[in-house]
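Here is the structure we will look at, set down as structure tokens.
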């Protein structure tokens with residue numbers, strides 16, 4: 001072989017090698033997904049920085065809701081395969097999952113996306129994570145995301161504060177910026193003030209290698225942004241009063257709502273039975289929720305805003321006020337206790353207004369409402385009742401009944417104030433008169449109201465004819481009180497007309513004939529009114545009150561379901577709450593012990 005042939009052969013070899021390298025480069029550039037993925041990760045890797053959720057405090061600066069560090073364990077299927085796979089049983093044991101749970105989580109992750117991380121263990125407490133953090137490197141595709149866990153160390157006020165949990169499909173489709181794995185308020189104040197509490201996410205862009213290991217910040221951090229913490233909420237609630245209310249309502253069904261009359265600020269909202277907010281966080285949420293949902297006592301049901309009851313005898317005070325305003329009666333007006341018209345109790349026979357309230361005389365208020373609805377100005381009793389009932393309904397609604405009380409409590413039921421439309425639907429036009437609907441004169445029939453409405457009634461009487469819309473948020477961050485939360489509402493009834501009603505309420509608790517001696521508070525003049533609301537399982541014990549008579553500081557309603565007369569159980573509970581708030585401690589030890597020992601059902605409770 002001559003020299004020229006050798007040169008051609010060697011040149012051909014070099015040319016072949018060059019062609020091979022060029023072809024390989026073309027393949028990598030145009031057809032290789034590995035390099036494309038690598039390049040994409042170099043330019044598109046972003047880390048979301050979660051903001052600290054706003055905290056929630058009571059009126060005195062005590063903490064209701066806090067955040068604690070938690071961790072989600074994430075799994076990325078593609079990274080696992082690139083890393084050669086992993087021992088799923090060992091991982092399950094490490095992060096405290098069963099083999100079935102780990103397999104289900106992995107299948108779900110693969111179905112969602114092979115190249116994006118999915119959560120396989122949520123909200124692991126920091127103490128648990130610390131014990132396993134050093135072992136997670138052994139499992140390819142496993143990452144960790146810090147995720148705050150909402151905590152309520154006091155365990156109080158669960159119904160009002162609400163639930164904070166992972167977003168669902170509706171949230172993801174809402175175009176509000178939520179992503180898979182995010183958490184948000186789902187009920188109560190957590191939901192109502194979600195936009196203020198959640199803050200704003202930050203983001204950090206960085207470069208990673210093919211193993212997704214961090215290399216350096218992208219563009220020296222020029223694209224990064226820091227998270228903005230959520231705003232804190234300062235509530236109007238008094239944590240000590242709330243705690244005491246929940247303590248004395250243990251083992252009972254019912255509610256307590258307490259309001260500061262002058263401001264409309266809600267001091268306590270107790271719904272019994274209750275539950276601990278922390279039961280509905282973490283990995284056991286589902287099981288705990290199902291258990292609470294099946295509980296026959298309905299601990300998830302917020303009785304303060306969602307339960308509706310007939311107002312009973314307490315409603316008689318509103319009837320008296322409206323009749324006074326219309327000059328249909330005066331405080332001195334006496335009406336015979338004619339028990340052939342409607343049943344009554346006690347030894348009274350011919351009460352004036354104050355005595356009728358003290359004795360809770362049914363015939364008195366039957367006649368009072370008859371004068372409003374059926375004044376007998378015409379012989380057409382049907383048209384007369386229809387025309388007059390409309391004005392009566394408007395007068396009742398000015399006390400807040402049948403309304404949302406200003407809209408500060410989402411989910412609040414407005415109750416029911418019957419009108420001509422309702423009775424026309426029930427009986428037909430020209431088919432009903434006062435004799436058909438007279439049960440509403442004593443707070444029964446189609447009337448329905450919530451404990452919050454009844455506490456607001458107590459505040460309205462304490463204020464002699466006006467109320468600030470009840471609200472529970474005192475301020476939001478640095479923005480102060482939310483707009484429109486304490487609007488002033490007038491009933492349109494003169495202040496002086498409330499004086500005989502207030503005197504009667506004081507006599508209910510102070511006089512020998514009063515129905516609520518157990519509502520007394522040593523050294524404090526208390527105004528109250530008992531109610532006994534009919535129910536098929538046993539009457540509900542109801543009481544509203546405010547104190548002291550001069551310059552009232554607290555107004556409240558108490559409901560104890562199926563407990564009997566209002567003076568037996570609701571009244572002493574109100575007494576204890578008022579003493580706790582006004583004096584800082586409770587000295588009525590025997591009364592307190594009796595109330596705490598009483599539990600549902602009340603058939604055998606000591607009177």
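Apply the a/c threshold of 1.5 to the C-alpha gyration tensor of region 418-535 and tell me whether it is rounded, prolate or oblate.
Values: a/c = 2.16, a/b = 1.20, b/c = 1.80.
Because a/c hits 1.5 or more and a/b fails to exceed b/c, region 418-535 counts as oblate.
What whole number of Å gives the distance from the Cα centroid of region 128-173 to the Cα centroid of region 467-482?
The distance from the Cα centre of region 467-482 to that of region 128-173 comes to 30 Å.
Would you please classify the overall shape of region 238-286 from the alpha carbon gyration tensor, given that a ≥ b ≥ c denote the square roots of the eigenvalues, rounded means a/c under 1.5, and beyond that prolate means a/b larger than b/c while oblate covers the rest?
Details: a/c = 2.88, a/b = 1.82, b/c = 1.58.
The shape class here is prolate.
Averaging sequence separations of C-alpha pairs under 8 Å and six or more residues apart, then dividing by the length of the chain, give the relative contact order as a whole percent. It would help to have the intermediate numbers written out before the result.
Details: 1226 pairs, mean separation 79.9, N = 607.
The value is 13 percent.
Give, in nm to one decimal, the length gained when the segment between residue 52 and residue 131 is fully stretched (0.36 nm per residue of separation minus the Cα-Cα distance). Before the final figure, lay out each step's value.
Details: separation 79, 0.36 × 79 = 28.44 nm, distance 2.41 nm.
Roughly 26.0 nm would be gained on extension.
Can you sort 358, 257, 524 so the residue with the fewest Cβ neighbours within 10 Å comes first?
On the way: 358 25, 257 30, 524 16.
In order of increasing Cβ crowding within 10 Å: 524, 358, 257.
Which parts of region 130-173 would a label at residue 90 reach, counting a residue when its backbone N lies under 19 Å from a point 7 Å out along Cα-to-Cβ?
131-144
Residue 345 to residue 535: extension gain in nm, 0.36 nm per residue of separation minus the Cα-Cα distance? Kindly include the intermediate steps, with their values, before the conclusion.
On the way: separation 190, 0.36 × 190 = 68.40 nm, distance 1.87 nm.
So the extension gain works out to 66.5 nm.
What's the extension gain from residue 18 to residue 494 if we count 0.36 nm per residue and subtract their Cα-Cα distance? Mind showing how you got there, number by number?
Working: separation 476, 0.36 × 476 = 171.36 nm, distance 10.27 nm.
Here the answer is 161.1 nm.
Only one of the listed values, (1) 92, 66, 41; (2) 143, 56, 44; (3) 69, 59, 50, was derived from the coordinates as Cα extents along the principal axes in Å; which label is it?
Derived directly from the coordinates: (2).
Once the Cα atoms of helix 285-294 and of the chain are each reduced to a long axis, what angle between those two axes, in degrees from 0 to 90 to the nearest 10, is obtained?
Result, in degrees: 30.
If you fit an axis through the alpha-carbon atoms of helix 99-112 and take the longest principal axis of the Cα set of the chain, what angle between them do you get, 0 to 90°, nearest 10?
80
Arrange the following residues from fewest to most other Cβ atoms within 10 Å of their Cβ: 129, 244.
Details: 129 19, 244 22.
Lowest to highest Cβ neighbour count: 129, 244.
Mean residue ellipticity at 222 nm from the helices of the chain, using -39,500 (n - 2.57) per DSSP H segment of n ≥ 4 over the full residue count, to the nearest 500 deg cm²/dmol? Please list the in-between numbers first.
Numbers: 22 runs with 217 residues, N = 607.
Counting only the DSSP helices, I get -10500 deg cm²/dmol.
Which of rounded, prolate or oblate describes region 529-592 when judged by the alpha-carbon gyration tensor and an a/c cut-off of 1.5? Please list the in-between numbers first.
Values: a/c = 3.32, a/b = 1.73, b/c = 1.92.
Cα axes put region 529-592 in the oblate bin.
For the Cα atoms of the chain, what angle does the longest principal axis make with the long axis of helix 570-583, in degrees from 0 to 90, nearest 10?
70
Given the peptides 74-82, 582-590, 330-338, arrange them by the average over their residues of other C-beta atoms within 10 Å, most packed first.
On the way: 74-82: 18.6, 582-590: 11.6, 330-338: 15.1.
Sorting 74-82, 582-590, 330-338 by mean packing, highest first, produces 74-82, 330-338, 582-590.
Over region 308-390, what relative contact order in percent results from Cα pairs under 8 Å that are six or more residues apart? Could the numbers behind the result be given before it?
Working: 84 pairs, mean separation 22.7, N = 83.
27 percent.
Taking the Cβ of each residue in 124, 269 as the centre, tally the other Cβ atoms inside 10 Å and list the residues starting with the fewest. Provide the component values of the computation, followed by the final result.
Working: 124 22, 269 30.
By the 10 Å Cβ count, ascending: 124, 269.
How high is the relative contact order of region 419-505, given as a whole-number percent (alpha carbon pairs under 8 Å, six or more residues apart)?
Averaging sequence separation for qualifying contacts and normalising by length gives 21 percent for region 419-505.
Read the figures in this text as sums done on the coordinates, not as results from a lab. A quick note: this is a predicted structure, and the numbers were derived from the prediction, not measured. Positions of Cβ are generated from backbone atoms using ideal geometry, with glycine treated the same way; all protein chains shown enter the neighbour counts.
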